[in-house]
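I have placed the structure first, in the form of structure tokens, so that the comments after it can refer back to it.
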């Protein structure tokens, strides 16, 4: 393991944007105002499935203060979707043309001088619909003769993913123990605190500048340009602060299109800001799924085979569903050695708000099934559940067939650490009624390899400029949405060039002024990929500075130059030194004034099709269940995780702590009350994410490995941690009550009913 | 009430339904949801928003300082409301227990932090503020 | 739906407020804390031409206790104020609990007890304990005031017996009898913020022989209005408390509930939780009363 990390690596450098955020000076998209700005509102479908027969906007247009009203027929009608690699998967239009496919599907948009006028104008738009039969579950959607959500997708299946390796039947034959289970998991929402907002400004020549609350500015730029039918370079996407994303802000959205389209038509800036009702009732969600899993094990606990069949409830459009369909299959066999595996995933359309990416991206669902099933198998085989995992755990150097090679892996250490910290062995020996411990594990990716967006550019790119005042300027399209990458990337740059972090200026996320490209903040990719791009640029900058040292001190070929404490020095003779500033000055002179600037790039190559690196972890939950009310209280959570080398300790802890809140909500409280295709709980009063009082004490245990593919040995720490909680709490509830949840969330009523205690 | 109309954008609108706490301000020293307050009702009564908390542009209030130091801020959208709730809490209870801090924050939702570092920050701020007032006394 | 447009009136005295109510009676609502009203106005769910704010009316904001009259909660007294009064914590723990755990800190700093009752939501958290304490509502109009026992106040979901032109000027809660106990418990998926899925309050006192002299049991969120469980109360009064009796009373309370299925809980769960919570609050009340009886007995 490499140990000579610079001082800055691992330090809890406070967020660069912290002071702005705590004083209210931080600007978010909705805070922006431009002269003459118009306010946009969307008219949405009240029907889950209907043909649009007629739209009359004349009354809306006539309302004083209304500057523009558009419907689908006014637009270029070019479909979009994130999977540019498979054009037929691009199934969305910004405004519905032929029919509407979910309650909330966008039908028209208004721009007016104030939000109230825009809202009233929406109420004046007359739409005549012919209601069509609709489907609300994957089972109904796949039934014989079910109405089609999209005519081109027969049986409502929009995409299929198959994985198969090993001798599945043979291995099941060999297995001493085989079990089959079907799990159902529900839809939940990102519930970022900042509702989506976008502001488009018309520029000369029909060009557009768009400020938007997004985690993927480059994707928005490309898709907005193609959907408007204009060159990519005509669209400039920028962001200010983004109030969280978690996967929910990584596509082109109708209001981004409508803001840009109406800005071009009116010549005025147009802003859209969504309400919380918009977000909860019509916004993207995590996929609900039905997961059938058959596993075979030997009597000594070796996993031999797994047959995994998943139906994803995709809602009305593909969104990021294809990726979830692929990844769910990958997560079905990522943490454990498995000689034979078969996956059959189907992405199914229903007349509900589209599901998309959400923290974990197919993993919370796949692992809930896998881990719950392993816990049952452990019980049946008489093997301790932690031992069962250790028997099968991936190790460094292991190959996931057709996927990747694991180049760092602290999985077993994680399992041992949570066992010790939670008091697993004693507590299980001295079981108390109504009280239980549960375990779950996970593995996750550090960014994706499979190029579904079909970008022509590198996955991450930066430019670094250095100046003779000793400072550096980093240009990066990486996208801080609250996770802290603006700080961490500066830390990586400062650490590698050996300058103070206060010397680093950052220009981030402006598609016209930061180098092409960065695919955005998703899949836990930024630290590894953008960090590597920074190191690539730094190497080039160093190549410009090192010759100065060699000339200055007339150094022998074999000498090495160190970059530390704002200085360059000869490693074997630190007295031979120049300040960073002076060195840049001399280099500038030597280059006859040509500025010192370098581009850095990273695209994972020869790392399989899934991810360049894999994180691992394990979690024990300790719960008490009130056997009369069925209420579950989580008393403690112990989590051990291997995220490689930690760059910023508190930032990593923050990811874990936040992930537990999300995981706990998924396990216990959060769900959508649906009636047909209608969402009933459209406020935070009834969409119940945990409050400060609902959060259990939590113990975080770090297992540090060195990931050779990551910057300074780092890998993912963002999403993986959101995975294990549903299964660890589920297992603990089983230990406490005997109720085994195969149907999330775990509610008091389900517990009491299963125990025969609810009359 | 819309602080944005006064060109104060620090107070955030997370739900506009009185459920998330992002828009918390102090009205006559009490934490209230500004989205549930009619502007005319607040007229003539002292209001403190997040912009009014720091003593100067270059200095932070001890609560703000603690939020920065502990990394209690991630996306920052809930931070202004969290900090105003913390101010209300510490004004009324200068030495809160962890349970009291958690109760004092229960009207402020956060999706990033799991509240852990927010609770820590308020503890740190309480110590700082408590120390200061002890010295004054 | 677009925001409603309305005129806001800010009277500076009770008589002005009553005049304004009378003057605009065609379309008028009272505004106290605003926590229920303002969100409805914002989304246009409530259309009303006039709002009469009680903010500036002097003399309605106090909460005070005296041993003769008991607790008097002014018409604009906020939930947080009630929760903070030491006498409320000591003598009316059920009410103190309701006022300190319902909704959020911010809403408790704005919302009023009178508003919580006047909205007449079946889930009103203060209603169950106030019913258990035999509270009375003082309603005032231009002609004078009348006292309405809270047990007769609610008429249906969102409906009370308040007449147009009436303002709740006070809620009076009699002093607790000696050797008494009271409690309120609520259930919801999360610890707070939520509207309660089920709430049960009780108060009781013991006579010299240790029998239940007086008993009240009331529930929230399990019927069209906050509900007194009269059968259970009758079953208990005059009896020597015992596990079996408390069980039967809790069952009677559950039988009296008329819950519905909604997204917060099923009717079956609600009914069963009335039984569970009734049993628990009665036990808590009894323990309090017994410890008071012991202390008071010792003093005598």
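What do you reckon, is residue A:427 closer than 19 Å to residue A:733 by Cα, surrounded by fewer than 17 Cβ atoms within 10 Å (Cβ to Cβ) and modelled with pLDDT under 95?
No, not satisfied.
Checking each residue in the range A:549-602 for being under 20 Å from residue A:494 (Cα atoms), touching a helix residue (DSSP H, G or I) at 6+ places or on another chain (Cβ under 8 Å) and assigned to a helix (DSSP H, G or I) picks out A:549, A:580, A:583, A:584, A:587. Cβ-Cβ under 9 Å, sequence separation 6+ or interchain: first residue in the range A:23-39 and more than 9 Å from chain B (Cβ to nearest Cβ), partner surrounded by 24 or more Cβ atoms within 10 Å (Cβ to Cβ) and part of a helix (DSSP H, G or I). Which pairs? Between residues of the range A:23-39 that are more than 9 Å from chain B (Cβ to nearest Cβ) and residues that are surrounded by 24 or more Cβ atoms within 10 Å (Cβ to Cβ) and part of a helix (DSSP H, G or I), the close pairs are A:38/A:118; A:38/A:262; A:38/A:263; A:39/A:118. Residues that are at the interface with another protein chain (Cβ under 7 Å from one of its Cβ atoms) and more than 23 Å from residue A:19 (Cβ to Cβ) were ranked within the range B:21-37; the one that is surrounded by the fewest Cβ atoms within 10 Å (Cβ to Cβ) is B:30.
Residue A:716 satisfies every condition listed in (1) part of a loop (DSSP other than H, G, I, E, B); (2) within 14 Å of chain C (Cβ to nearest Cβ); (3) farther than 24 Å from residue A:431 by Cβ except (2).
All conditions in (1) over 30 Å from residue A:102 (Cα atoms); (2) in a loop (DSSP other than H, G, I, E, B); (3) out of contact with any helix residue (DSSP H, G or I) (no Cβ under 7 Å at 6 or more places or on another chain) hold for residue A:47, with the sole exception of (1). Restricting attention to the range C:250-281 and to residues that are assigned to a helix (DSSP H, G or I) and away from chain A (no Cβ under 14 Å), the residue that is farthest from residue C:207 (Cα to Cα) turns out to be C:256.
One line per residue, one yes/no per condition, for (1) closer than 17 Å to residue B:121 by Cα; (2) not in a loop (DSSP other than H, G, I, E, B):
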| position | (1), (2) |
| --- | --- |
| B:11 | no, no |
| B:25 | no, yes |
| B:32 | no, yes |
| B:58 | no, no |
| B:63 | yes, yes |
| B:73 | yes, no |
| B:84 | yes, yes |
| B:87 | yes, yes |
| B:91 | yes, yes |
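Answer yes or no as to whether residue A:319 is outside any strand (DSSP E or B), buried (at least 24 other Cβ atoms within 10 Å of the Cβ), at pLDDT 95 or above and outside the structural domain of residue A:658 (by TED's automatic domain parsing). Taking the combined requirement at face value, the residue does not satisfy it. Could you tell me whether residue A:746 is part of a helix (DSSP H, G or I) and buried (at least 21 other Cβ atoms within 10 Å of the Cβ)? No: the conditions fail for residue A:746. Determine which member of the set A:639, A:679, A:691 is surrounded by 21 or more Cβ atoms within 10 Å (Cβ to Cβ), in contact with a helix residue (DSSP H, G or I) (Cβ under 9 Å, 6 or more places away or on another chain), over 18 Å from residue A:523 (Cα atoms) and free of Cβ contacts under 8 Å to residues at least 12 places away in the same chain. The unique qualifying residue is A:691. Quick check: is even one residue across the range B:38-45 crowded, with 24+ Cβ neighbours inside 10 Å and at the interface with another protein chain (Cβ under 7 Å from one of its Cβ atoms)? No, every residue in the range B:38-45 fails to be crowded, with 24+ Cβ neighbours inside 10 Å and at the interface with another protein chain (Cβ under 7 Å from one of its Cβ atoms). Name every residue in the range A:44-69 that is within 32 Å of the chain's Cα centre (by Cα) and either within 22 Å of residue A:120 (Cα to Cα) or surrounded by fewer than 16 Cβ atoms within 10 Å (Cβ to Cβ) (or both), in order of residue number. Of everything in the range A:44-69, those that are within 32 Å of the chain's Cα centre (by Cα) and either within 22 Å of residue A:120 (Cα to Cα) or surrounded by fewer than 16 Cβ atoms within 10 Å (Cβ to Cβ) (or both) turn out to be A:44, A:45, A:46, A:47.
Would you say residue A:727 is away from chain B (no Cβ under 14 Å), closer than 19 Å to residue A:360 by Cα and either in a helix (DSSP H, G or I) or under 24 Å from the mean Cα position of the chain (by Cα) (or both)? Yes: the conditions hold for residue A:727. Kindly indicate whether residue A:396 is at pLDDT 95 or above and not in a helix (DSSP H, G or I). In short, yes.
The condition of being surrounded by fewer than 18 Cβ atoms within 10 Å (Cβ to Cβ) and either part of a loop (DSSP other than H, G, I, E, B) or within 14 Å of chain A (Cβ to nearest Cβ) (or both) holds for only one of C:34, C:44, that being C:44.
Whenever a residue of the range A:242-266 is within 14 Å of chain B (Cβ to nearest Cβ) and on the phi > 0 side of the Ramachandran plot, its partners that are modelled with pLDDT of 95 or more and part of a helix (DSSP H, G or I), lying with C-beta atoms within less than 8 angstrom and at least six residues away or across chains, give the pairs A:246/A:662. Across the range A:360-400, the qualifying residues are those that are surrounded by 24 or more Cβ atoms within 10 Å (Cβ to Cβ) and at positive phi, and the one among them that is farthest from the chain's Cα centre (by Cα) is A:362.
The values are calculated or read from the model by the stated rules, or taken from the named source; none is laboratory data. Model, not experiment: these values are computed from the prediction. Backbone-built Cβ (ideal geometry, glycine too); neighbour counts: all protein chains shown.
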